[in-house]
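All remarks here apply to the structure that follows.
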Amino acid sequence: MISSISANFNLSEAVEKDKQLINEYLEKYLEIKFPNTIWESMRYTTLSAGKRIRAVLALESARACGGKLENVLPTACALEMLHAQSLIHDDLPCMDDDDYRRGVLSNHKVYGEATAVLAGDALLAYAPQVIIKHTPDSIDRNILLQVLDEFLHAAGPMGIVGGQIVDIQSENKKIDFETFNYILNNKTGELFKFALRAGVLLSNASKEKLDALTSYGQKIGYAFQIADDILDVVGSLQELGKTPGKDNESGKNTYVSVYGLEKAVQDLDKIILSAQNDLIDGNIESLLLKSIASYIVEKVR
Ligand code: GRG
């Protein structure tokens with residue numbers, strides 16, 4: 001149950017509306033073409049029952065900056081494709097080896113490993129094309145180039161791939177705070193930060209807003225991974241849509257394994273509060289951004 005911050009604001013309804021819009025656009029961009037199998041496999045994970053939180057954040061960031069949703073929708077959908085790619089590859093036997101994702105069988109369990117690898121590759125290559133081909137011509141080409149650069153940065157060795165490799169190399173090892181932060185910020189934080197920044201950039205908003213939402217995005221991403229780590233310990237297969245306890249089983253360094261459950265919950269509270277203060281600092285009036293931060297804390301309670 002998602003609770004709201006203001007009596008007149010319903011977070012579930014607001015998120016649901018944006019999710020529908022995002023799904024509509026994802027359906028369109030991922031229309032089946034030849035060769036059918038690869039598009040089916042790409043659609044299977046991208047369109048399955050995920051929260052679409054990164055795309056919702058990108059839309060709301062634009063809205064909070066007075067931007068038009070049509071300018072950010074291609075990038076928001078590309079971000080969901082990149083996220084789906086990371087999930088498909090993360091579930092493979094050579095990585096986290098999970099049979100379930102989003103409450104259904106993982107991509108490789110349905111299509112086989114070779115197709116799952118290719119579906120991930122295809123999503124990764126196709127997503128930037130969606131940004132290039134579908135962002136309205138009214139967007140300045142330098143801004144589009146910056147958005148593409150930041151998207152590829154988040155996807156690559158200085159982003160999610162960097163976070164994942166250090167995470168794998170750190171399994172069953174005691175790591176220092178700096179390394180642990182690097183994993184969290186890159187494996188999860190970069191995509192959240194990008195979501196918020198893309199909304200600002202594609203709305204041509206001020207540096208004040210860009211700085212505030214960059215900081216908010218970084219903190220929300222960090223907090224989201226802490227919440228994911230807590231849920232891996234306290235959640236069920238039904239709640240998570242994936243196998244619980246995997247992190248512990250594979251000797252992963254998680255916020256809970258490093259700091260303990262109690263401190264994880266306390267720190268989560270502090271980070272969320274600080275993210276909400278970023279909104280005040282940047283004069284950003286968005287009940288959705290304020291409430292989604294609280295929701296991340298509430299879902300682990
Ligand atoms: C991006 C080129 C490239 C490679 C990917 C496999 C890999 C490298 C990275 C793994 C990254 C990963 C799976 C991080 C975990 C992030 C996380 C908290 C995922 C769960 O996100 P939710 O809860 O999921 O938003 P839904 O299903 O709701 O979308």
Expressed as a whole percentage, what fraction of the accessible surface of the chain belongs to carbon and sulfur atoms when a 1.4 Å probe is rolled over the protein heavy atoms?
53
Ranked packing of 225-231, 94-100, 58-64, most packed first, by mean Cβ within 10 Å
58-64, 225-231, 94-100
For D278, tell me the accessible area in Å² from a 1.4 Å probe, rounded to the nearest 10.
20
Can you give the Rg and Dmax of segment 162-301 based on its C-alpha atoms, in angstrom?
15.6, 46
Mean Kyte-Doolittle hydropathy of 0.5 or higher plus an axial Cα length of 20 Å or more: which whole DSSP H helices in the chain meet both?
113-134, 141-155
Distance in nm between pseudo-label sites at V258 and E31 (7 Å out along the Cβ direction from Cα)
4.6
Please give the contour-minus-distance gain from N172 to E70: 0.36 nm per residue of separation, less the Cα-Cα distance, rounded to one decimal in nm.
32.2 nm
Given a 1.4 angstrom probe, what's the average accessible area per residue across segment 239-300, in square angstrom?
47
Heavy-atom accessible area order for V147, V15, largest first, 1.4 Å probe
V15, V147
Between segment 234-289 and segment 95-150, what's the alpha-carbon centroid distance in Å?
24
What does the charge count near P157 come to, summing +1 for each Lys or Arg and -1 for each Asp or Glu among other residues with Cβ under 13 Å from its Cβ?
0
With the cut-off at 1.5 for a/c, could you classify segment 123-222 from its C-alpha gyration tensor as rounded, prolate or oblate?
oblate
For segment 11-298, what class follows from the C-alpha gyration tensor (a ≥ b ≥ c being the square roots of its eigenvalues): rounded when a/c is under 1.5, otherwise prolate if a/b is larger than b/c, else oblate?
oblate
Can you spot the lysines whose alpha carbon is less than 26 Å from K68's alpha carbon? Ignore those fewer than 8 places along the same chain.
K17, K19, K28, K51, K133, K193, K207, K209, K219, K290
Using 1/(1 + (r/R0)^6) with R0 = 22 angstrom and r between the beta carbons of N181 and E239, what's the FRET efficiency to the nearest 0.05?
0.20
Can you pull the accessible area of E239 for me, 1.4 Å probe, Å² to the nearest 10?
140
Under a 10 Å cutoff between Cα atoms, tell me which one of K209, K246, K33 has the largest fluctuation in the Gaussian network model of the chain.
K33
Under 1.5 on a/c is rounded, so check that first for segment 28-69, then, if it is not, pick prolate when a/b is larger than b/c and oblate when it is not; a ≥ b ≥ c are the square roots of the alpha carbon gyration tensor eigenvalues.
oblate
Expected field for Y182, accessible surface area in Å² at 1.4 Å probe radius, rounded to 10, holds 80
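The values are calculated or read from the model by the stated rules, or taken from the named source; none is laboratory data. This is a predicted model, so every value here is computed, not measured. For neighbour counting, all protein chains shown are included, and Cβ atoms are generated from backbone atoms with ideal geometry for every residue, glycine included. With ligands, DNA and RNA removed, areas are computed over all heavy atoms of the protein, side chains included. Shrake-Rupley method; radii C 1.70, N 1.55, O 1.52, S 1.80 Å.
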